[in-house]
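To keep things clear, I will list the structure first and then write my remarks on it.
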Amino acid sequence: MKSEIELIISDRISKVGIMSFAEYMELVLFHDEYGYYNNREVFGRNGDFITSPITSNLYGASISNEFIKLRDSMTDPVILEVGAGDGSLVISILEHLSMKKALPETYYIIETSKKLIDLQSENINKKIPELKNIVRWEGDDEVVKINGLIICNEFFDILPTERFKIDNGKIFQLFIDYQDKFKLHWKNQTGRFTDIFKNLNIHNILLKYEKYESEVNLNYKLWADKINNILEKGVVFIVDYGYNAREYFLPDRDTGTLVCIHNHSANFNPLENIGMQDISTFVNFSHLASAFRDLKLDVSGYLEQSKFLINLGILDVFEEKSFNAEDKLIEMNKIKNLILSNAMGDVFKALVITKNYANSLLATREYNRKEIL
Ligand SMILES: C[S@@+](CC[C@H](N)C(=O)[O-])C[C@H]1O[C@@H](n2cnc3c(N)ncnc32)[C@H](O)[C@@H]1O
């Protein structure tokens with residue numbers, strides 16, 4: 001028997017025809033009632049996965065250090081987080097800033113999932129009730145204008161993406177069809193995506209491949225526009241797993257970067273566990289950076305998460321805390337998870353964008369590799 005979300009998708013296909021992969025991903029992840037992010041326990045040990053802010057509150061504390069520095073050069077900066085998950089990042093940032101007597105007047109959150117807004121609010125009330133009035137949820141179309149810091153942690157990887165394949169010099173786009181069951185449908189789309197490929201200097205590389213599948217995310221541009229409309233002056237931190245365009249389209253990565261997560265285990269079939277599993281793709285940071293550059297924002301940094309956190313002072317934050325011996329060991333292991341190269345340290349990157357802001361940043365003070373984007 002079909003689930004509610006399967007019924008919704010198959011009905012839509014029978015009425016209007018095949019749907020693009022991005023439309024499919026939008027529905028299975030974010031449908032108001034039956035999408036994955038509105039109907040599953042996503043985060044934590046009982047959910048499907050754990051992110052950096054959930055791993056350790058020193059992650060948020062380190063990011064707070066940049067905000068403290070911003071306050072020296074800006075009047076009343078605020079923070080805005082896009083896609084706040086279970087609220088771990090807002091909680092750890094506000095706790096740390098309260099301790100440092102450097103709280104913003106407002107911490108805005110833009111969040112699409114009603115279930116997660118409830119969870120964020122519940123966790124904030126439970127863990128930092130005295131700071132809850134600082135937090136305000138905004139619809140992304142209400143377009144608040146801010147000076148300050150915008151944070152997108154593991155946000156761009158879940159933005160619905162298009163998938164394409166190269167087959168003997170031709171470009172095909174993936175659609176989803178339904179005939180008794182859900183099926184992949186490749187449609188020859190001569191010319192589609194070529195401007196993007198040319199801009200990224202990867203067009204000729206891709207066309208050389210005889211058979212190659214990957215992703216190209218048209219939502220990067222949409223979100224670069226949104227962020228540009230929101231931010232008047234300040235800094236954007238985008239932290240996610242991903243590569244620059246050259247690494248993204250290496251010959252061996254010929255089935256793309258899409259991955260699905262269900263109960264902490266990975267599979268590569270987006271037609272499995274429909275509405276019950278996360279679907280994400282690695283972020284193409286060259287493509288994302290070019291979307292900001294096109295809007296005349298500055299691409300100020302690109303570096304591994306390990307270096308980003310070390311620049312932000314994670315090791316000092318750790319030293320400052322007074323742990324008992326057992327907690328110290330536990331916390332040290334969490335930090336290892338965030339910065340070691342065989343854990344999250346290297347595959348996660350930070351892209352740092354600035355707008356109307358020329359002051360130096362902590363996040364990029366060393367190890368900046370923006371030239372490889
Ligand atoms: C993979 S989770 C990461 C959560 C959190 N940032 C973390 O690192 O733990 C992605 C988050 O982005 C939210 N999200 C997805 N699409 C969104 C959209 N269009 N607008 C706002 N939030 C969105 C999801 O509901 C979820 O909270």
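The values are calculated or read from the model by the stated rules, or taken from the named source; none is laboratory data. Nothing here was measured: the structure is a model prediction, and the numbers come from that model. A quick note on method: Cβ atoms are made from the backbone with ideal geometry, for glycine too, and the neighbour counts reach across all protein chains shown. Accessible surface areas use protein heavy atoms only, side chains included; no ligands, DNA or RNA. Shrake-Rupley method; radii C 1.70, N 1.55, O 1.52, S 1.80 Å.
For helix 4-16, what angle does its Cα long axis make with the longest principal axis of the chain, in degrees from 0 to 90 and rounded to 10? That helix lies at roughly 50 degrees to the long axis. Across region 67-111, Cα-Cα pairs more than 14 Å apart make up 48 percent of the total. For region 151-213, the pair-distance distribution built from all alpha carbon pairs, in bins 10 Å wide starting at 0, is 19, 41, 29, 11, 0 percent. Kindly express, to the nearest 10 degrees and within the range 0 to 90, the angle between helix 57-73's C-alpha long axis and the longest C-alpha principal axis of the chain. Computed tilt is about 70 degrees.
First measure r as the distance between the Cβ atoms of K145 and H203, then evaluate 1/(1 + (r/R0)^6) with R0 = 35 Å and state the FRET efficiency to the nearest 0.05. The pair K145/H203 has a calculated efficiency of 0.40. Note on region 168-268: with charges restricted to the Cβ of Lys and Arg (+1) and Asp and Glu (-1), its dipole about the Cα centre is near 240 debye. Loop-resident trypsin sites (Lys or Arg not before Pro) (DSSP state other than H, G, I, E or B) in region 54-130 with no more than 14 further Cβ atoms inside 10 Å of their Cβ: K100, K101.
Please work out how much length the chain gains when fully extended from L250 to M332, using 0.36 nm per residue of separation minus the C-alpha to C-alpha distance, in nm with one decimal.
On the way: separation 82, 0.36 × 82 = 29.52 nm, distance 3.46 nm.
Computed gain between L250 and M332 is 26.1 nm.
Its Cα gyration tensor gives region 126-249 an equivalent ellipsoid; the semi-axes, largest first and in whole Å, are 37, 19, 13.
So how tilted is helix 21-30 from the main axis of the chain? Cα-based, degrees 0 to 90, rounded to 10. Computed tilt is about 50 degrees. Heavy-atom accessible surface of the chain, averaged per residue, reaches 45 Å², computed with a 1.4 Å probe. For the pair S14 and K181, label points projected 7 Å from Cα toward Cβ lie 1.8 nm apart.
List the GluC sites (Glu not before Pro) in region 123-226 that DSSP assigns to loop (not H, G, I, E or B) and whose Cβ has at most 10 other Cβ atoms within 10 Å. Which are they? Walk me through the numbers before you get to the answer.
On the way: sites: E130, E138, E142, E154, E162, E210, E213, E215; in loops: E138, E142, E154, E210.
Loop-located and lightly packed - E142, E210.
Determine, at each q value in 0.11, 0.14 (inverse angstroms), the log₁₀ of I(q)/I(0) that the Debye formula gives when each Cα of region 212-356 is one equal point scatterer. One equal scatterer on each Cα of region 212-356 leads to -0.56, -0.85.
Please return the longest stretch of the chain lacking exposed loop sites, where chymotrypsin sites (Phe, Trp or Tyr not before Pro) count only if DSSP places them in a loop and at most 16 other Cβ atoms lie within 10 Å. Please list the in-between numbers first.
On the way: sites that count: F193, F268, F323, Y367.
Result for the longest clean stretch: 1-192.
For region 1-135, the spread of Cα positions along the three principal axes, ordered from largest to smallest, is 57, 31, 24 Å. All C-alpha to C-alpha distances of the chain, sorted into 20 Å bins beginning at zero, yield P(r) values of 28, 58, 14, 0 percent in whole numbers.
By its C-alpha gyration tensor, with a ≥ b ≥ c as the square roots of the eigenvalues, how is region 54-210 shaped: rounded for a/c under 1.5, else prolate for a/b larger than b/c, else oblate? Working shown, then result.
Details: a/c = 3.10, a/b = 2.05, b/c = 1.51.
The shape class here is prolate.
Over all other residues within a Cβ to Cβ distance under 11 Å of E232, the charged ones net out to +3, with Lys and Arg as +1 and Asp and Glu as -1.
Carbon and sulfur atoms: what percent of the 1.4 Å accessible area of the chain do they account for? Spell out each step's value before the answer.
Working: 7860 of 16830 Å².
Exposed carbon and sulfur together represent 47 percent of the surface.
Under 10 Å, Cα contacts only: if you run a Gaussian network model on the chain, which one of G313, G139, G256 comes out with the highest mean-square fluctuation? Looking only at G313, G139, G256, the largest GNM fluctuation is found for G139.
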